[in-house]
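To keep things clear, I will list the structure first and then write my remarks on it.
The values are calculated or read from the model by the stated rules, or taken from the named source; none is laboratory data. Every value quoted in this text rests on a predicted model; they were computed, and no experiment measured them. Ideal geometry is used to build each Cβ from the backbone, glycine not excepted, and the neighbour counts take in all protein chains shown. Accessible surface is based on the protein model in full, side chains and every heavy atom, while ligands, DNA and RNA are left aside. Shrake-Rupley method; radii C 1.70, N 1.55, O 1.52, S 1.80 Å.
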Amino acid sequence: MGSWEHGIGIDRASTINIHLPLVLSFIYSTLWSFLVEEIEAKMATEAEAVEVCVKAAVGRPDLLGDCPFSQRVLLTLEEKHIPYQLKLIDVSNKPDWFLHISPQGKVPVLKFHDGTWHPDSDVITQYLEDKYPNPSLATPPQFASLGSKIFPAFVTFLKSKDPNDGSEQALLHELRSLEHHLNSHGPFINGDNISAADLSLAPKLYHLKVALGHFKGWTVPQDFTHVNNYMNALFSRESFKNTKPAGDEYVIAGWKPKVEA
């Protein structure tokens, strides 16, 4: 009986010795295949990533800057889940390679699939909508220009040095129009679905909030309930958090020369 049990013990040990290299080989092969797939997937993502040039922060060329038109493009890329490679441009010291692809020195600039570079956030966002239609960010034509006068009204009021020139009332008029629309069509311009019009307006409203708060101590009136809720909803989106300026101080620094001119 003892010999039989001893023999079984030898057989088990032999089996383990025979199978162990096979098991280790299988584990190694599996891990290697996984690593190769991960590397290939990363390389494919990088190869497919859209290249986009945007403004760097004032005085900090290593940080994302305060250009609302650049952020509009980045918001579109984020909301459409399009991989992108970000190139920060110090607009006070534009590199030669950038002036080669953007002779007028404008940002944002995005590289199209044919290898050509194109400026203008209107052109870029329309290209992205056409080439990457899902998810759709198209705004119904009747709502496409909604809120478009808010930004110029904000700039005029921000730069105004005359409290009686009507610039504040002009801004309030535009915000009131947005308030009425959101009251009947909200929470976003196109109802429940965020659209290109929202992504265009979001960075501009952020500049309005930061710059007017700093330079004039001014805020959107509390009775504009829908506008305030709208701003909070936009600013709390993950896409906005990922693309907003590196800090409010860079928004302020960007507007300071214009305010003091």
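Taking the numbered list (1) of a type in the set (Gly, Ala, Ser); (2) in a loop (DSSP other than H, G, I, E, B); (3) open to solvent by 40 Å² or more (accessible area, probe 1.4 Å); (4) in contact with a helix residue (DSSP H, G or I) (Cβ under 9 Å, 6 or more places away or on another chain) in turn, Gly147 passes all entries but (3).
Which condition number in (1) open to solvent by 20 Å² or more (accessible area, probe 1.4 Å); (2) outside any strand (DSSP E or B); (3) touching a residue at least 24 places away in the same chain (Cβ under 8 Å) is the one that Lys55 fails? Going through the list (1) open to solvent by 20 Å² or more (accessible area, probe 1.4 Å); (2) outside any strand (DSSP E or B); (3) touching a residue at least 24 places away in the same chain (Cβ under 8 Å), Lys55 breaks only (2). Applying the set (1) without any contact (Cβ under 8 Å) to a residue 40 or more places away in the chain; (2) among the acidic types (Asp, Glu); (3) under 20 Å from Leu199 (Cα atoms) to Asp90 leaves exactly one unmet item: (3). Quick check on region 166-180. Is at least one of its residues touching a strand residue (DSSP E or B) at 6+ places or on another chain (Cβ under 8 Å), closer than 23 Å to Val259 by Cα and surrounded by 13 or more Cβ atoms within 10 Å (Cβ to Cβ)? Taking every residue of region 166-180 in turn, none turns out to be touching a strand residue (DSSP E or B) at 6+ places or on another chain (Cβ under 8 Å), closer than 23 Å to Val259 by Cα and surrounded by 13 or more Cβ atoms within 10 Å (Cβ to Cβ).
Scanning region 89-109 for residues that are outside any helix (DSSP H, G or I) and either over 19 Å from Phe69 (Cβ atoms) or touching an Asp or Glu at 6+ places or on another chain (Cβ under 7 Å) (or both) gives Asn93, Pro95. Touching a Ser or Thr at 6+ places or on another chain (Cβ under 6 Å) and of a type outside the set (Lys, Arg): is that true of Ala197 in this structure? Yes: the conditions hold for Ala197.
Would you check if Ser121 is touching a helix residue (DSSP H, G or I) at 6+ places or on another chain (Cβ under 7 Å) and closer than 15 Å to Val220 by Cα? Against the criterion (touching a helix residue (DSSP H, G or I) at 6+ places or on another chain (Cβ under 7 Å) and closer than 15 Å to Val220 by Cα), Ser121 does not qualify.
Taken together, Thr139, Thr76, Thr125 contain a single residue that is surrounded by 15 or more Cβ atoms within 10 Å (Cβ to Cβ) and not in a helix (DSSP H, G or I), which is Thr139.
Residue-level check: of (1) more than 27 Å from His207 (Cα to Cα); (2) open to solvent by 90 Å² or more (accessible area, probe 1.4 Å); (3) at pLDDT 95 or above, His113 misses just (3).
Kindly indicate which of Lys204, Lys241 is of a type in the set (D, E, K, R), at pLDDT 95 or above, surrounded by fewer than 16 Cβ atoms within 10 Å (Cβ to Cβ) and not in a loop (DSSP other than H, G, I, E, B). Break it down stepwise before answering.
Numbers: Lys204 fails: surrounded by fewer than 16 Cβ atoms within 10 Å (Cβ to Cβ).
Unique residue meeting the criteria: Lys241.
Does region 185-193 include one or more residues that are in contact with a Lys or Arg (Cβ under 7 Å, 6 or more places away or on another chain), within 19 Å of Phe235 (Cα to Cα) and surrounded by 15 or more Cβ atoms within 10 Å (Cβ to Cβ)? Before you say what the answer is, go through the steps one by one.
At the first step, the residues of region 185-193 found to be in contact with a Lys or Arg (Cβ under 7 Å, 6 or more places away or on another chain) are none.
No - not one qualifying residue is present in region 185-193.
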